[in-house]
Amino acid sequence: MTAFPNVYLTGFGAYLPGEPLDAEQIARRLGAGTAGAGLRARVLAANGIRTRHYALDEHGSVTMLNEELAAAAVQGALKDRDLPLESVTMLAAGTTQGDLLVPGFGSMVHGRLGGPPMEVLSAGGVCASSMAALAAAARAVRLGEHSAAVVVGSELVSRSLRQSRYEGDRTTFDAEFLRWTLSDGAGAVVLEPSPRPDGLSLRLDWTRLVSHAGQQPVCMSAGGEPVAGQTWLDGPDVATAERAGLVRLRQDVKSLPALFRLGLRDYMALVRAGRFSPSSIDHVLCHYSAEHFRGEIFGLLREAALMIDEDRWYTNLHTRGNTGAASIFVMLEEAWRSGRFSPGDRILLIVPESGRYSLAFAQLTCVAAGEPEAVGAQARPAAVPAVSAARPAAATAGTAAARRLSTPSPLVAREDDGDLVRWTVLELARVWEDFERQVRATPLVSRIDTGTATLDDYRRLLVHLRQQVVEGGRWISRAASNFSVDMFALRSAAIKHAAEEHRDYQLLERDFVAVGGTLEEIRSARKNIGSEALSAYVFHQASQPDPVDLLGAMFVIEGLGAGLVLGWARALREQLGLREDQVTFLGYHGEADDAHFAELAHLLREAVPDRAAAARVVRTAEVVARLYAMQLAEVDA
């Protein structure tokens, strides 16, 4: 592996305008109508923010520019490092909204600071824009292009939250949620290729930024709809867009659990890749917009057995508020100044961005002045337990509700599981991640997710599912006949499950008739290409001696019910106005597959004897996942 130079965070600065404001003071600064008092109280109670800062005076007039906040934070970071501005050759800046439409925010901050010519980067986005700026600057320093760079994240959102911007049309909860959650501030860090000589530094070990916009809709936005003719620039004038509320920031709050699921998925991927293990992290700095979401995040991590001890988490949300792109650096500066870090400590930064679903992660390691540093230290993976054969293998299911709302894989490990169990869980999580992405990309499921499915879509889904359900009972029966006496538990479970599958297709037929189909139509339909391939594969595997690997097939097929199908049932009922007795098959599987998963977890522990068998389970899960997604894609063929 090629060794690259290290990069260090050597200076830290933050700037928060004005005095700390409590709930009553912020209401006076922004202006608050009596009609929305109840909603305001609900949001403030949920976000847990006691004080925050605004660049507004007592009359609600703007006192500073966003570029001024950023410049003040940069100056603070340089002062902390005792570096002159003239030594900086790169400035990277991230923000949600600059003061001007043109030029870029980074250029305006540079102009405000003054100083010599330098490379400037303006990172757009929302909360993760500052992490994007950090990653870009770190790469430039690592390549040797700069000996000192400064990165800043800054927000001045309060001017957009004043009551005058909310007159006219009735304000929605999505707009009010952000109005009483966001605040102003800036944070900055200095990057250098070597540690500071007079104290501690934070080595940047790695960064990971990922956008899920390719599969996810807009969640937080301002400026109208992403449709030609419906943006704030498309009307006759800006005043018209203002009156229509197009420039208001809006947050689709009900969609936020999807961001948490994606965050956990990416978190698990980093663990699986050996970037870190939860036990190796000494401090977590995670940006979240409200205290309410902290509990949800902790719940997801505990369900996945990947929780980092709660006392290792640091936040200043309660006293500094949610400063968007600035939050992670404002938090880092305060933790640094408090003396929280010691040499050898590992710090994990997490920034979820709801704009269109992005996640940013970074790991830092605290190092002392003069400590010898190996070149390329950032490439060293975190210590992860070696896989051993000390325990047989597999995973257990968490609670039904948490699984449906949170975990990327329907199987999660327990705290007392051994290394082989955790290996199996993480590998199956990888399979599930790919499977869910493929399933959601199919035209039919995409229409269900976006609320555009038709009654004909639902009928065709039932037609194509029936063939698989009928075949399911048959291949499970064949598998039962091929288990030896040494695997009596698996044989018994397979026989029981085959009987349930034979009953399940009758529910499906009744639903089809209840929505206007006929028994003759659904019974005479032929399997689609994906169904043919899936059936052939699982029948072949079921015909082998002791087909333990079919547990991987069950993981995918039953996991679809536990993780996605109940959501489909609810969505189709709402979109098509269906009665509960018209979606009995989907509803039953969404609920019953929780019990099936509990049994599956037990069987994995009892029946998978070693790593080789576990690898077969994972491989079969991979194949079945691909073929099942093909089956759903072929519904529209």
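The values are calculated or read from the model by the stated rules, or taken from the named source; none is laboratory data. Quick caveat: nothing in here was measured; it's all calculated off a predicted structure. Backbone-built Cβ (ideal geometry, glycine too); neighbour counts: all protein chains shown.
Things to note:
- Being surrounded by fewer than 21 Cβ atoms within 10 Å (Cβ to Cβ) and without any contact (Cβ under 8 Å) to a residue 60 or more places away in the chain is a property that G299 lacks.
- Considering only residues in the range 35-89 that are basic (K, R) and over 25 Å from A290 (Cα atoms), the one that is surrounded by the fewest Cβ atoms within 10 Å (Cβ to Cβ) turns out to be K79.
- Lone qualifier among A132, A140 - being surrounded by fewer than 24 Cβ atoms within 10 Å (Cβ to Cβ), under 32 Å from the mean Cα position of the chain (by Cα) and part of a helix (DSSP H, G or I): A140
- Of the residues making up the range 196-208, not a single one is outside any strand (DSSP E or B), assigned by TED's automatic domain parsing to the domain that holds Y54 and within 29 Å of the chain's Cα centre (by Cα).
- Out of R491, R573, sole residue that is surrounded by fewer than 23 Cβ atoms within 10 Å (Cβ to Cβ) and touching an Asp or Glu at 6+ places or on another chain (Cβ under 8 Å): R573
- Of all residues in the range 27-75, exactly one satisfies the criterion of being on the phi > 0 side of the Ramachandran plot and either under 33 Å from the mean Cα position of the chain (by Cα) or among the aromatic types (F, W, Y) (or both), namely G48.
- Any chance R503 is in the same structural domain as I448 (by TED's automatic domain parsing), at pLDDT below 85, assigned to a helix (DSSP H, G or I) and among the basic types (K, R): yes
- Take the conditions (1) out of contact with any His (no Cβ under 9 Å at 6 or more places or on another chain); (2) buried (at least 17 other Cβ atoms within 10 Å of the Cβ); (3) under 23 Å from E155 (Cα atoms); G185 misses just one of them, which is (1).
- In the set (1) assigned to a loop (DSSP other than H, G, I, E, B); (2) at pLDDT 95 or above; (3) within 32 Å of the chain's Cα centre (by Cα), L83 fails one condition alone, (3).
Residues checked against (1) among the small types (G, A, S); (2) in contact with a Lys or Arg (Cβ under 6 Å, 6 or more places away or on another chain); (3) surrounded by fewer than 17 Cβ atoms within 10 Å (Cβ to Cβ):
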| site | (1), (2), (3) |
| --- | --- |
| S477 | yes, no, no |
| D486 | no, no, yes |
| D504 | no, no, no |
| G516 | yes, no, yes |
| E520 | no, no, yes |
| N528 | no, no, no |
| V538 | no, no, no |
| V548 | no, no, no |
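- Residue ID - farthest from E509 (Cα to Cα), chosen from residues in the range 448-463 that are modelled with pLDDT under 90 and in a helix (DSSP H, G or I): T450
- Scanning the range 223-245 for residues that are of a type in the set (A, V, I, L, M) and closer than 16 Å to R165 by Cα yields V238, A239, A241, A244.
- One residue from G18, G94, G48, G76 being touching a strand residue (DSSP E or B) at 6+ places or on another chain (Cβ under 8 Å) and closer than 24 Å to S354 by Cβ: G94
- For the residues A222, A241, the requirement of being surrounded by 15 or more Cβ atoms within 10 Å (Cβ to Cβ) and in contact with a Leu (Cβ under 7 Å, 6 or more places away or on another chain) singles out A222.
- Consider the range 309-364 and keep the residues that are part of a helix (DSSP H, G or I) and among the polar types (S, T, N, Q). The one that is nearest to T207 (Cα to Cα) is S327.
- Top-ranked residue in the range 260-290 [being in a helix (DSSP H, G or I) and more than 12 Å from the chain's Cα centre (by Cα); ranked as surrounded by the fewest Cβ atoms within 10 Å (Cβ to Cβ)]: S279
- Just one of the listed residues (P236, P217) is more than 27 Å from F329 (Cα to Cα), assigned by TED's automatic domain parsing to the domain that holds V351 and touching a residue at least 60 places away in the same chain (Cβ under 8 Å), namely P217.
- Only listed residue being part of a helix (DSSP H, G or I) and at pLDDT below 90, chosen from F555, F539, F483, F512: F555
- Scan of the range 239-255 for residues that are in a helix (DSSP H, G or I), in contact (Cβ under 8 Å) with a residue 24 or more places away in the chain and either over 30 Å from V425 (Cβ atoms) or touching a helix residue (DSSP H, G or I) at 6+ places or on another chain (Cβ under 7 Å) (or both), ordered by number: E242, R243, V253
- The set of residues from the range 121-157 being of a type in the set (V, I, T) and closer than 18 Å to A326 by Cα comprises V126, V150, V151, V152, V157.
- Any hit, the range 530-546, residues being more than 24 Å from V618 (Cβ to Cβ) and touching a residue at least 40 places away in the same chain (Cβ under 8 Å): no
- Residues in the range 422-450 that are hydroxyl-bearing (S, T, Y) and closer than 19 Å to V565 by Cα were compared, and the one that is surrounded by the most Cβ atoms within 10 Å (Cβ to Cβ) is T442.
- Selection of the range 105-126 for residues being at pLDDT 95 or above, surrounded by 17 or more Cβ atoms within 10 Å (Cβ to Cβ) and part of a loop (DSSP other than H, G, I, E, B) yields only M118.
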